[in-house]
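Encoded as C-alpha cells, the structure appears first; notes follow it.
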Amino acid sequence: MTTVPINDLSRWDSSELNELSTQIRRVLKSGHFMLGSNTEALETHLGERLGGRKVVCVGNGTDAINIAFAGLGLQPGDKVATVANAGGYATGVLLRLQCIPIFVDIDPNTAQISVASFKQTVFLHPDLKAVVVTHLYGLMADIDSICDIAHKNNIQVVEDCAQAIGASLDLIEAGAWGDVSTFSFYPTKNLGCLGDGGAVAFRDPTHADLARRIAQYGWSERYTISENNGFNTRIDEIQAAILLARAKSLNQNNEKRRTIVRAYAASLPDKYSLVWKDDLSYVGHLAVLICPDRKNVQSVLHQHEIGHGVHYPISDHQQPAWKSLFKETTLPNTEALVNSIITIPCFPSMRESEIHQVCAALSDL
Ligand SMILES: Cc1ncc(COP(=O)(O)O)c(C=O)c1O
C-alpha cells in the first residue's frame, strides 16, 4: 500500500506541461513581464465569466480582499461581518485596516455562514457596513439569501471565492452575486498558477478604478499619487499566461473533483457526513468530513495510509494573536465544527486506485 497524498502538484499531464512551457517561453521572449496583454486578457476572461464585472488582478488572494475593501471605501472603525472558520484571511485584513470584524456563526451542516445568524447580526449591529461571504471548501454559501438581507439593509457583500472558482448557483457563478468578489490563484487552488496571484471583481466600475489606483502605489497616472492608501500588488505576465491556459480546463477539473467526492459520499457510513452538494454549486476544492469522533477517524486514515489535514484547526476568535480582542464572542456551531472536521485527499490528478484506497478507508470507519 502506498500513501495517498492530500494533494500532489508534481503530477503533470504531458500536454499541459508542453502548453505551460510554451506560454512561459512566449512571455520570456516578449520581454514584457508586468501589466501586459496576458494580464489584460485574464481580467477580460474573468470579467466575462462573472457576467461583465470589472476585474483587477493582484498579487494574491489576501491582497485581493484588501483591495476589495479599499475599493468599496471601507474606513477604520467600520464594522464588517464575517465567519470565524475560514482560515482568518478576511479577519486578518480587517484588523490590519482597523475595521471591526463581527463574527457570524455557521450552519453546522454546510460549514457556511448561517443566514439566521447573519440576520441576528444585522439586527444587533445596524451600522454594519459589509459582510464577507466565504464559499468555503468550494461549496457556495446561501449567497442569494445573504445578498437579499444585506442589500435591504444597505450592507455591501464581499464574496471570497478563493476556494470556489467556477462554482455556480442558478447558472450565476460564485463571484457574480455580491458587490465585489475576490479570488486566489495560489497553486493548490482549483485555478492555480505557479506562484502567487489573485483577482478582485467589482460590480461598480468606479470601485474597480479606485481599486486599480490603490493596487499600484495610489497612482492615477504614472508618478502622480492621488490615493493616500496605495501600495503595490500585481500579478506578473507569466502567471497570467499560465492562468489563461489553465482556465480552459477549470470546469473539467472541477467535475473530476466532484466525481471523487461523490465516490467518497457513497462509501461513507451514515454516522458521518461530507461538506458538499452533488451539483454545480460545489467544486470540490477540499473534501471535508464531519465526524464526531475525529481521533478515531484520524487513526483509521493513518492505518490506510491516507493523507489528511484540518481546515482549519483554530477559529479566528480563538487565534493566539486575536483572542484577547474577542473575549465576549461565542460561536457554538463554529466551535463545535472546528473539532470535528477532517480534510481528505481530493485533486484532479488523483488515480483511480487512490480514490478506491480512500473509499476503502471510509468504508472501514
Ligand atoms: C478562503 C480563502 N481566502 C483567502 C485566501 C488567501 O489567498 P492567498 O494565499 O492567495 O493570499 C485563501 C487561501 O490561501 C483562502 O482559502
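Values in this text are rule-based calculations from the coordinates and carry no lab data. Since this is a predicted model, take the numbers as computed values, not measurements. Note: ideal-geometry Cβ built from the backbone for every residue, glycine included; neighbour counts use all protein chains shown.
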ask   = Using all Cα-Cα distances in region 168-285, what percent lands in each 5 angstrom bin from 0 up to the longest?
value = 2, 10, 14, 16, 17, 14, 10, 7, 5, 3, 2, 1, 0
task = Would you mind putting 203-209, 101-107, 152-158, 269-275 in packing order, based on average other-beta-carbon counts within 10 Å, highest first?
result = 101-107, 152-158, 203-209, 269-275
Counted charge near Gly61, where neighbours are those whose Cβ lies closer than 13 Å (Asp, Glu -1; Lys, Arg +1) = -3
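Taking every pair of Cα atoms in region 297-365, average 1/r, invert it to obtain the Kirkwood radius, and report Rg/Rh to two decimals.
Working: Rg = 16.2 Å, Rh = 14.2 Å.
Ratio of gyration radius to Kirkwood radius: 1.14.
With an 8 Å cut-off on Cα pairs and a minimum separation of 6 or more residues, tell me the relative contact order of region 14-247 in percent.
Working: 491 pairs, mean separation 63.5, N = 234.
Computed over region 14-247, the figure is 27 percent.
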query = Taking region 250-363, how much of its Cα-Cα pair set, in percent, is spaced more than 18 angstrom apart?
reply = 54 percent
query = Under the Kirkwood approximation applied to all pairs of distinct alpha-carbon atoms, what is the hydrodynamic radius of region 14-247 in Å?
reply = 17.9 Å
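Output the peptides 142-149, 341-348, 212-219, 321-328 sorted from most to least packed, where packing is the average of other Cβ atoms within 10 Å over each peptide's residues. Intermediate values should be presented prior to the final figure.
Numbers: 142-149: 17.8, 341-348: 21.5, 212-219: 20.0, 321-328: 12.1.
Packing proxy ranking, top to bottom: 341-348, 212-219, 142-149, 321-328.
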note = Expected sort for 242-252, 223-233, 85-95 on mean C-beta neighbours within 10 Å, highest first, is 85-95, 242-252, 223-233
key: Kirkwood hydrodynamic radius of region 61-172, Cα pairs, Å   = 13.9 Å
ask   = Given the convex hull of the Cα atoms of region 23-126, what is a quarter of its surface area in nm²?
value = 9.2 nm²
request  = Starting from region 1-88, pick out the chymotrypsin sites (Phe, Trp or Tyr not before Pro) whose DSSP state is loop and whose Cβ has at most 12 other Cβ atoms within 10 Å.
outcome  = Trp12, Phe33
message = Suppose R0 equals 25 Å. What FRET efficiency, 1/(1 + (r/R0)^6) with r the Cβ-Cβ distance, do Thr259 and His304 give to the nearest 0.05?
response = 0.75
message = Output wanted: per-residue J couplings in Hz (rounded whole) for region 311-327, from phi through Karplus 6.51 cos²θ - 1.76 cosθ + 1.60, θ = phi - 60°, x for Gly and Pro.
response = 10, 10, x, 10, 7, 4, 6, 10, 5, x, 6, 10, 5, 5, 7, 10, 4
ask   = Once amide H atoms are placed 1.01 Å from N in the peptide plane, what residues at a sequence separation of 5 or more from Ser273, or on another chain, have their amide H within under 5 Å of its amide H?
value = Ile290
ask   = Can you give the net charge of the other residues whose Cβ lies under 15 Å from the Cβ of Val27, counting K and R as +1 and D and E as -1?
value = +1
